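Novice: Following this message is one structure expressed as structure tokens.
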Amino acid sequence: MTAGQLLPILAALVLILVGAKLGGALFVRMRQSAVLGELLAGVVIGNLGLVGIHGLDRVRDLPAIEMLAEIGVLFLLFEVGLESELARMTAVGGSSFVVAVLGVLAPTLLGFGVTLAFFPHHSRLADWFVGATLCATSVGITARVLADLGKVESREGRIILGAAVIDDVLGLMVLAVVAGIIQAADRARGFDALAVLAIVGKSMAFLAAAPVIGRWLSARAFAVASRLEGEGLLLATALAFCFGLAWLAGLAGLAPIVGAFAAGLVLDEVHYRDLRASDRRHRSIGELLEPLAGFLVPVFFVLMGMRVDLRAFARVEVLGFAAVLTLVAAIGKQACSLGVLDKDCDRLAVGLGMIPRGEVGLIFASMGVTLSLAGERVVTPEIYSAVVMMVAITTFITPPLLTWRLASRRAAAPL
């Protein structure tokens, strides 16, 4: 990389980090999650062209910034996994699974119905694809809010995180199935059920094997690292473990963030006790990660905000569809709260925590733009704009609503 190629990246990082910290500080002062300020900073930066400032239009498309953002969300989920205990996550596994299943079925069916009503001449397969874009939950958004509030280990927090991870896995499976059917129909060929079963099989195998293999692997990796000499061994080994499971998750057809979360979840402090003792300040992996996460995680949220095109909100023909799509997206995730099996758990908080679509919804919609049926795009420009608006609104409303609900719940708790 030449100096000329590096300069735009450096300028973009300055802008992103300053905007993220200013926006985050503003919303923390307003007693809201800092992530909301980071998202809003991204929206402002990404839409400066509307007021005639076009010098920053290329920032959102810089591959290096996108790569840093993707690594940032891996750090975020790795940190959240470290703060969670596998035994306590397993204790709410039943609720998490039922919540996740309902959180996929309800929004998908509602999204299909709304698209069918607004676009009666649209292909039914395309309608199912739009419904599928509503099924996933953005783990990154909810995880950040829970971390900011210190609620990762609350019962509601554990159910939300477990359900959101399962939700993403199920959502990716649904996406693979629907996209496979559409591609087969477009080529006038039969649906390849074996290919979809292979994806589902790999995904389930990873989820079943990750806790067992992960614990075995981490114990041996840190045992080997403890025999080495040098600085930074604990952090380097932890990151290698995180990236390794993220890579394996990708090979299994899952999002790498699922692997990063699993890596944090299965890491046990007893595995790296000797390495921590060799550190002059006896810092944990979480403490060592803080500076890196403080740099990279805001890049992810600012970039996600930059991808919100405010011009879509000015298109009258899109507004009605977008408003109803957003409404059913929220209602569908509230329906999933009926799956909470613990009577003492705050079902409303769980439902609110499952609302944001974030980067996952954008990924689904972007894939739909590349698919076609009989020469027509599955996700038309109008539908894509509506989905982007739905993603933006659900992403922005979740932090304040979840903060309000959890804070009010804490205030109402007996002393």
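The values are calculated or read from the model by the stated rules, or taken from the named source; none is laboratory data. All of these numbers come straight from a predicted model, not from anything done at the bench. Please note: Cβ atoms are built from the backbone with ideal geometry, for glycine as well, and neighbour counts cover all protein chains shown. Surface areas here come from the heavy atoms of the whole protein model, side chains and all, with no ligands, DNA or RNA. Shrake-Rupley method; radii C 1.70, N 1.55, O 1.52, S 1.80 Å.
Novice: So which residues in the stretch 109-124 are crowded, with 24+ Cβ neighbours inside 10 Å and under 16 Å from residue 333 (Cα atoms)? First the steps, then the outcome.
Specialist: Narrowing the stretch 109-124 to residues crowded, with 24+ Cβ neighbours inside 10 Å: 111, 115.
111 - this is the single residue of the stretch 109-124 that is crowded, with 24+ Cβ neighbours inside 10 Å and under 16 Å from residue 333 (Cα atoms).
Novice: Still on this structure: Are any of the residues in the stretch 351-360 under 18 Å from residue 115 (Cα atoms), modelled with pLDDT under 75 and open to solvent by 20 Å² or more (accessible area, probe 1.4 Å)?
Specialist: No, the stretch 351-360 contains no residue that is under 18 Å from residue 115 (Cα atoms), modelled with pLDDT under 75 and open to solvent by 20 Å² or more (accessible area, probe 1.4 Å).
Novice: List the number of the failed condition for residue 272; all other conditions in (1) in a loop (DSSP other than H, G, I, E, B); (2) in contact with a helix residue (DSSP H, G or I) (Cβ under 7 Å, 6 or more places away or on another chain) hold.
Specialist: That leaves (1) as the condition not met.
Novice: Being within 18 Å of residue 135 (Cα to Cα), out of contact with any strand residue (DSSP E or B) (no Cβ under 6 Å at 6 or more places or on another chain), modelled with pLDDT under 75 and surrounded by fewer than 24 Cβ atoms within 10 Å (Cβ to Cβ) narrows it down to one of 363, 331, 393, 397, so name that one. Write out each step before concluding.
Specialist: Details: 331 fails: modelled with pLDDT under 75; 393 fails: modelled with pLDDT under 75; 397 fails: modelled with pLDDT under 75.
None of the other options fit; the residue is 363.
Novice: Same structure, new question: In a helix (DSSP H, G or I) and either open to solvent by less than 20 Å² (accessible area, probe 1.4 Å) or free of Cβ contacts under 8 Å to residues at least 60 places away in the same chain (or both): is that true of residue 235 in this structure?
Specialist: On the way: in a helix (DSSP H, G or I): yes; either open to solvent by less than 20 Å² (accessible area, probe 1.4 Å) or free of Cβ contacts under 8 Å to residues at least 60 places away in the same chain (or both): yes.
When the stated conditions are applied, residue 235 passes them.
Novice: Please find, within the stretch 39-62, the residue that is most open to solvent (accessible area, probe 1.4 Å) out of those that are farther than 15 Å from residue 17 by Cβ and either assigned to a loop (DSSP other than H, G, I, E, B) or among the polar types (S, T, N, Q) (or both).
Specialist: The qualifying residue most open to solvent (accessible area, probe 1.4 Å) is 58.
Residues checked against (1) out of contact with any Phe, Trp or Tyr (no Cβ under 9 Å at 6 or more places or on another chain); (2) farther than 21 Å from residue 275 by Cα:
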{"residue": "194", "(1), (2)": "yes, yes"}
{"residue": "216", "(1), (2)": "yes, no"}
{"residue": "219", "(1), (2)": "yes, no"}
{"residue": "222", "(1), (2)": "no, no"}
{"residue": "226", "(1), (2)": "no, no"}
{"residue": "229", "(1), (2)": "yes, no"}
{"residue": "234", "(1), (2)": "no, no"}
{"residue": "248", "(1), (2)": "no, yes"}
{"residue": "256", "(1), (2)": "no, yes"}
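Residue-wise test of (1) under 23 Å from the mean Cα position of the chain (by Cα); (2) open to solvent by 60 Å² or more (accessible area, probe 1.4 Å).
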residue	(1), (2)
218	no, no
222	no, no
244	yes, no
249	yes, no
260	yes, no
271	no, no
281	no, yes
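Novice: So the check is Cβ under 9 Å with 6+ separation or different chains; which pairs have a first residue in the stretch 379-396 that's without any contact (Cβ under 8 Å) to a residue 24 or more places away in the chain and a second one that's open to solvent by 20 Å² or more (accessible area, probe 1.4 Å) and not in a helix (DSSP H, G or I)?
Specialist: Listed by first residue and then by second, the contacts come to 380/119; 384/377.
Novice: Scan the stretch 247-260 and report the pairs whose first residue is modelled with pLDDT under 75 and whose second residue is β-branched (Val, Ile, Thr) and open to solvent by 40 Å² or more (accessible area, probe 1.4 Å), with Cβ atoms within less than 6 Å and a gap of 6+ or a chain change.
Specialist: 253/199
Novice: On to the next question. On the given criteria, is residue 388 surrounded by 18 or more Cβ atoms within 10 Å (Cβ to Cβ), closer than 30 Å to residue 62 by Cα and more than 16 Å from the chain's Cα centre (by Cα)? If you could, list the steps in order and put the result at the bottom.
Specialist: On the way: surrounded by 18 or more Cβ atoms within 10 Å (Cβ to Cβ): yes; closer than 30 Å to residue 62 by Cα: yes; more than 16 Å from the chain's Cα centre (by Cα): no.
Judged against the criteria, residue 388 is not a match.
Novice: Considering every residue within the stretch 100-123, establish whether at least one is among the hydroxyl-bearing types (Ser, Thr, Tyr) and at pLDDT below 85.
Specialist: Here is the first cut: in the stretch 100-123, the residues among the hydroxyl-bearing types (Ser, Thr, Tyr) are 108, 115, 123.
Pick out the ones that are also at pLDDT below 85 and you get 123.
Checked against the condition, which is being among the hydroxyl-bearing types (Ser, Thr, Tyr) and at pLDDT below 85, the stretch 100-123 yields at least one hit.
Novice: If you go through the stretch 125-145 one residue at a time, do you hit one that is part of a helix (DSSP H, G or I), more than 23 Å from residue 185 (Cα to Cα) and at pLDDT 80 or above? Please lay out each step first, then the result.
Specialist: Filtering the stretch 125-145 down to residues part of a helix (DSSP H, G or I) leaves 125-132, 139-145.
With the extra rule that they be more than 23 Å from residue 185 (Cα to Cα), the set shrinks to 139-145.
After this cut, where a residue has to be at pLDDT 80 or above as well, the list is none.
Looking for residues that are part of a helix (DSSP H, G or I), more than 23 Å from residue 185 (Cα to Cα) and at pLDDT 80 or above, one finds none in the stretch 125-145, hence no.
Novice: Pull up the stretch 43-72, narrow it to residues that are of a type outside the set (A, V, I, L, M, F, W, C) and in contact (Cβ under 8 Å) with a residue 24 or more places away in the chain, then point me to the one that is nearest to residue 292 (Cα to Cα).
Specialist: Residues of the stretch 43-72 that are of a type outside the set (A, V, I, L, M, F, W, C), as a first pass: 46-47, 49, 52, 54-55, 57-58, 60-61, 63, 66, 70, 72.
Now drop any that are not in contact (Cβ under 8 Å) with a residue 24 or more places away in the chain, which leaves 46-47, 58, 60, 66, 70, 72.
On the way: 46: 24, 47: 28, 58: 25, 60: 21, 66: 16, 70: 13, 72: 8 Å.
The extreme case among them is 72.
Novice: In the stretch 300-323, how many residues are surrounded by fewer than 22 Cβ atoms within 10 Å (Cβ to Cβ) and either part of a helix (DSSP H, G or I) or within 16 Å of the chain's Cα centre (by Cα) (or both)?
Specialist: Step one: list which residues in the stretch 300-323 are surrounded by fewer than 22 Cβ atoms within 10 Å (Cβ to Cβ), which gives 307, 309-320, 323.
This time we only want the ones that are either part of a helix (DSSP H, G or I) or within 16 Å of the chain's Cα centre (by Cα) (or both), so: 307, 310-314, 316-320, 323.
Looking only at that region, the number is 12.
Novice: Shifting gears a bit: With (1) surrounded by 14 or more Cβ atoms within 10 Å (Cβ to Cβ); (2) out of contact with any Asp or Glu (no Cβ under 9 Å at 6 or more places or on another chain); (3) assigned to a helix (DSSP H, G or I) as the list, and residue 291 as the residue in question, which single condition is left unmet?
Specialist: (1)
Conditions tested, residue by residue: (1) under 14 Å from the mean Cα position of the chain (by Cα); (2) open to solvent by 40 Å² or more (accessible area, probe 1.4 Å); (3) within 29 Å of residue 321 (Cβ to Cβ).
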{"site": "74", "(1), (2), (3)": "yes, no, no"}
{"site": "105", "(1), (2), (3)": "no, yes, yes"}
{"site": "126", "(1), (2), (3)": "no, no, yes"}
{"site": "135", "(1), (2), (3)": "yes, no, yes"}
{"site": "159", "(1), (2), (3)": "no, no, no"}
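Novice: For residue 193, all conditions in the list (1) under 30 Å from residue 369 (Cα atoms); (2) surrounded by fewer than 20 Cβ atoms within 10 Å (Cβ to Cβ); (3) of a type in the set (A, V, I, L, M, F, W, C); (4) modelled with pLDDT of 75 or more hold save one; what is the number of the exception?
Specialist: Tallying (1) under 30 Å from residue 369 (Cα atoms); (2) surrounded by fewer than 20 Cβ atoms within 10 Å (Cβ to Cβ); (3) of a type in the set (A, V, I, L, M, F, W, C); (4) modelled with pLDDT of 75 or more, residue 193 fails exactly one: (4).
Novice: Still on this structure: Considering (1) within 26 Å of residue 158 (Cα to Cα); (2) modelled with pLDDT under 80, say which one residue 377 fails and leave the rest.
Specialist: (1)
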